[in-house]
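Data first, discussion second: the structure below is written as structure tokens.
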Amino acid sequence: MKRLTIWVACMLTLAGCTLAPGTAEPEDSELIVVGFSQVGAESEWRVANTESMRAALCEANGYELIYDDARQEQENQIRAIRSFIQQDVDYIVLSPITESGWSSILQEAKSADIPVILVDRCIEVADESLYTAYIGSDFSKEGEMAVQWLDAQLERQGRTKEPLNIVHIQGTLGSSAQIGRSGALENAVRSHANWRLIAQEDGDFTRAKAYEVMTDIVKKDAQIDVVYCENDGEALGAIDALEQAGYKCNVWDGVIVVAFDATNLGLNYCLDGRISLNVECNPLQGPYVADIISALEQGAPIEKVQHIDETLFDCFTITQQIIDARAY
Ligand code: GZL
């Protein structure tokens, strides 16, 4: 129930108008009703992201959160958004599984005068008025941080001329996280004559799928020097398959494993050297979304696009103290 009608009633009352007989007195405190369509629960990162959203958009903070887990299907997200519109929520928050396919349903939200806030991943639409704001990571920058680290590390090891065989395990194809992280690696392969992409497979951001594709790749018995995984879950699945096939995973005399997310699990693999590099992707986006809604409630200006600052960790610099101090 959108709170505007109650707001008008309040204004009429304050202006000395009397409510028509039988009109309910407006309730003192009205919760802001938010419909949140989440991608799924495919990774530790996603679980932390959901927890952050639930904590920020809780009743104690003045929200009624209607949560939907799309189980990594866009159709389920579209269905959830239509349900939020029918429930006349005040805001829709969407973490879009992929960048395309949103114009029609977001036009329905716009026609219903419901602001849409994108979180985590972004969308590609011709009409950018279909969403009010985006808050998330700069995925291209994350990928560039990874390939710059790899380039410098190989330079330190004197491995700038020998052929470097790279396996690329991508995230959910068409997601902005995958597009940005993949683009950085593909650009770097084009600009390094000795870097060879010997396999590029969809790992769908899950440990299980990455294990499956890596198991097939190691059967081809090629020399593998680097495995570039687009999240921690994929890195763990790839390492499971590599170690089962007799490979060592480390920066010194094994396979260099690159990962993204820097969750607690991923950083522990970094601490024992099995992940060489882990680029942070901050899932704690709930407070940013709450700030955007708060500004909109006050009619204050907001930025259309906000990127969250992120860093990286590697097997040389990570410590147990750093891991213990982190929230996820
Ligand atoms: C990134 C996010 C990605 C994470 C994965 O912002 O969309 O989705 O990197 C998650 O762990 O599945």
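The values are calculated or read from the model by the stated rules, or taken from the named source; none is laboratory data. This is a predicted model, so every value here is computed, not measured. We place every Cβ from the backbone using ideal geometry, glycine too, and count neighbours over all the protein chains shown. Ligands, DNA and RNA are stripped out before the accessible areas are found, and what is left, the full protein with its side chains, is counted by its heavy atoms. Shrake-Rupley method; radii C 1.70, N 1.55, O 1.52, S 1.80 Å.
Report yes if some residue within region 153-167 is open to solvent by less than 40 Å² (accessible area, probe 1.4 Å) and within 16 Å of the ligand (Cβ to nearest atom); otherwise report no.
Restricting attention to region 153-167, the residues satisfying the condition of being open to solvent by less than 40 Å² (accessible area, probe 1.4 Å) are 153-154, 159, 164-167.
With within 16 Å of the ligand (Cβ to nearest atom) added as a condition, the list becomes none.
No: region 153-167 contains no residue that is open to solvent by less than 40 Å² (accessible area, probe 1.4 Å) and within 16 Å of the ligand (Cβ to nearest atom).
Restricting attention to region 29-46, which residues are within 18 Å of Gly237 (Cα to Cα) and among the aliphatic types (A, V, I, L, M)?
Ala41, the sole residue that qualifies.
Being among the β-branched types (Val, Ile, Thr), within 26 Å of Ala210 (Cβ to Cβ) and either in a loop (DSSP other than H, G, I, E, B) or at pLDDT below 95 (or both) is the filter here, so list the residues in region 12-69 that pass it. If you could, list the steps in order and put the result at the bottom.
First, the residues of region 12-69 that are among the β-branched types (Val, Ile, Thr): 13, 18, 23, 32-34, 39, 47, 50, 66.
Subsequent filtering for residues that are within 26 Å of Ala210 (Cβ to Cβ) retains 39, 47, 50.
Across region 12-69, the qualifying residue is only Val39.
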Inset, instruction - State which residue is farthest from Phe36 (Cα to Cα) when the search covers only region 122-148 and only residues that are away from the ligand (no atom under 16 Å from the Cβ) and open to solvent by 20 Å² or more (accessible area, probe 1.4 Å). - result: Gln148
Inset, instruction - Run Leu296 past the list (1) open to solvent by 20 Å² or more (accessible area, probe 1.4 Å); (2) away from the ligand (no atom under 14 Å from the Cβ); (3) in contact (Cβ under 8 Å) with a residue 60 or more places away in the chain; (4) under 18 Å from the mean Cα position of the chain (by Cα) and report the number of the one that doesn't hold. - result: (4)
Inset, instruction - Output the number of the condition that Ile275 fails; it satisfies all remaining conditions of (1) among the aliphatic types (A, V, I, L, M); (2) farther than 27 Å from Ala41 by Cα; (3) assigned to a loop (DSSP other than H, G, I, E, B). - result: (2)
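Which ones in region 50-92 are open to solvent by less than 30 Å² (accessible area, probe 1.4 Å), of a type outside the set (Phe, Trp, Tyr) and within 15 Å of Gly286 (Cβ to Cβ)?
Here is the first cut: in region 50-92, the residues open to solvent by less than 30 Å² (accessible area, probe 1.4 Å) are 50, 52-53, 56-57, 62-63, 70, 76-78, 80-81, 84, 89-92.
Okay, now just the ones that are also of a type outside the set (Phe, Trp, Tyr), so 50, 52-53, 56-57, 62, 70, 76-78, 80-81, 89-90, 92.
Across region 50-92, the qualifying residues are Thr50, Ser52, Met53, Ala56, Leu57, Gly62.
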Inset, instruction - Take Gln72 and decide whether it is modelled with pLDDT of 95 or more and assigned to a loop (DSSP other than H, G, I, E, B). - result: yes
Legend entry - Pairs, first farther than 20 Å from Trp45 by Cα in region 222-249, second more than 16 Å from the ligand (Cβ to nearest atom) and basic (Lys, Arg), C-beta under 6 Å, six or more apart: Cys249/Arg274
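What about Ala241, is it among the hydrophobic types (A, V, I, L, M, F, W, C), modelled with pLDDT under 95 and either away from the ligand (no atom under 16 Å from the Cβ) or over 27 Å from Asp324 (Cα atoms) (or both)?
Numbers: among the hydrophobic types (A, V, I, L, M, F, W, C): yes; modelled with pLDDT under 95: no; either away from the ligand (no atom under 16 Å from the Cβ) or over 27 Å from Asp324 (Cα atoms) (or both): yes.
So Ala241 fails the test.
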